[in-house]
1. Can you spot a residue in the stretch 219-229 that is acidic (D, E), under 24 Å from R156 (Cα atoms) and away from the ligand (no atom under 11 Å from the Cβ)?
2. For the stretch 1-90, which strands (runs of 3 or more DSSP E) that fit wholly inside it have 3 or more residues that are in contact (Cβ under 8 Å) with a residue 24 or more places away in the chain and crowded, with 17+ Cβ neighbours inside 10 Å?
3. Could you tell me which of the residues R22, R74 is under 25 Å from G237 (Cα atoms) and among the basic types (K, R)?
4. Can you tell me which residues in the stretch 250-271 are in contact with a Lys or Arg (Cβ under 9 Å, 6 or more places away or on another chain), farther than 14 Å from F37 by Cβ and more than 11 Å from the ligand (Cβ to nearest atom)?
5. Go through the residues of the stretch 142-157 one by one and say whether even a single one is acidic (D, E), in a strand (DSSP E or B) and closer than 22 Å to R215 by Cα.
6. Counting only residues that are within 26 Å of G41 (Cα to Cα) and among the acidic types (D, E), which one in the stretch 280-315 is surrounded by the fewest Cβ atoms within 10 Å (Cβ to Cβ)?
7. Just the residues that are in a strand (DSSP E or B) and under 21 Å from the mean Cα position of the chain (by Cα), please, taken from the stretch 167-196.
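The values are calculated or read from the model by the stated rules, or taken from the named source; none is laboratory data. In this text the structure is predicted, and so the values were computed from the model without any measurement. When we count neighbours, we look across all protein chains shown, and the Cβ atoms used for this are built from the backbone with ideal geometry, even at glycine.
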Amino acid sequence: MDPVSEFRPDPTWVKEVTAACRGRVLVRAPLNHFTTFKIGGPADAIIIPVDQDDLITVIRLLKRLATPWMVLGRGSNLLVLDGGYNGAMINLAQAANQLVITPGSNREEFFMEAGAGVPLCRALRITVAEGLTGLEFTTGIPGSVGGAVIMNAGTRDGRIEDVTEEVTFLTKEETMASKIKKDLCFQYRHLAVDSDEMVVSATFKLKKGTPDLVRKTVKAAMDYRKQTQPKAWPSAGSVFKNPPGMSAGALIDQAGLKGTRIGDAQVSEKHANFIVNLGHARAKDVLSLMNKVQRTVKENFGVALEPEIKVIGRS
Ligand code: EPU
């Protein structure tokens, strides 16, 4: 039996979930309000547990009620289909929001433990304020710490795996368990995590830096993004992964696809690896445009582009 097709929320389900959770439960929540693309049908519920105990209670209940669930970070890197998400989305903004910095064994090293629900930009801001170096490469990445870890988020200046010392998971037995760096299976834009496990925090290894230099590096990365990436319209960041040794943006650009439009979804005129939502783009427009880009790049250069954005939900 496929639980995704079987699950149907009814008033009893809503009552049970809202009674069990001490935090907020948003029923039939339109996901276009919760994604950076501003696209997507509703989730049956978005659940915002207040702390770890609340989170565990919620997960236990969802399992008992055979409700599919997934974590909704800051909605970046995500394309939610127009039919929405059949199940509950868990937001960790309250249940996993700790940010603790502890000095390492020598005076140069520091460890930052960041909850999965912490915006990555907040973690970066604290390191800049403290003059710590290591997270500058995350400048401008719009997601949460949890999302960045799961995606092994990165730029040309670094990847999350480079700085991650330890990740703590909520296991399928609803206990907390940590894995150290050598036991984490990071790949390009991916961390292998069991589908019934959830990242709840990560510990990053940082170094004492020169505060001025850290600030300057972040500013330069921000300026580069402003110059090269579209900001005027909603998007989900880079749509495709860079094929080994190549740039997806350059390939799409050279294929002459900049400005190509289906409905209100358009290949950005500024950076060809971005699709922008010009107002009322539907997920199906974005998917058609992605297919067109993949087809054209394959025909022109023989390269198969692989999506970086995660597509979820039903059409
Ligand atoms: N390029 C073109 N035409 C374009 C876009 C890019 O010719 O329309 C060329 C650029 O001139 C450059 C090369 O392609 O020579 C690479 O472009 P860019 O420096 O913009 O980097 P990117 O590989 O496209 C990566 C990350 C971005 C990150 C930037 C800057 C990936 C898939 N994307 O982009 O991350 O902001 O580096 O560090 O690795 C994201 O992942 O969502 C994201 C925005």
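1. There is at least one residue in the stretch 219-229 that is acidic (D, E), under 24 Å from R156 (Cα atoms) and away from the ligand (no atom under 11 Å from the Cβ).
2. The qualifying strands (runs of 3 or more DSSP E) are 42-48, 78-80, 85-90.
3. Exactly one of R22, R74 is under 25 Å from G237 (Cα atoms) and among the basic types (K, R), namely R74.
4. T260, I262
5. No, because not a single residue in the stretch 142-157 is acidic (D, E), in a strand (DSSP E or B) and closer than 22 Å to R215 by Cα.
6. For the stretch 280-315, the residue satisfying everything is E306.
7. Listed by number, the residues that qualify are V167, T168, F169, L170, S178, K179, F186, Q187, H190, L191.
Yes/no per residue for (1) surrounded by 14 or more Cβ atoms within 10 Å (Cβ to Cβ); (2) of a type outside the set (F, W, Y); (3) more than 16 Å from the ligand (Cβ to nearest atom):
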position	(1), (2), (3)
T164	yes, yes, yes
F169	yes, no, yes
K172	no, yes, yes
M176	no, yes, yes
Q187	no, yes, no
K208	yes, yes, yes
A232	no, yes, no
A248	yes, yes, no
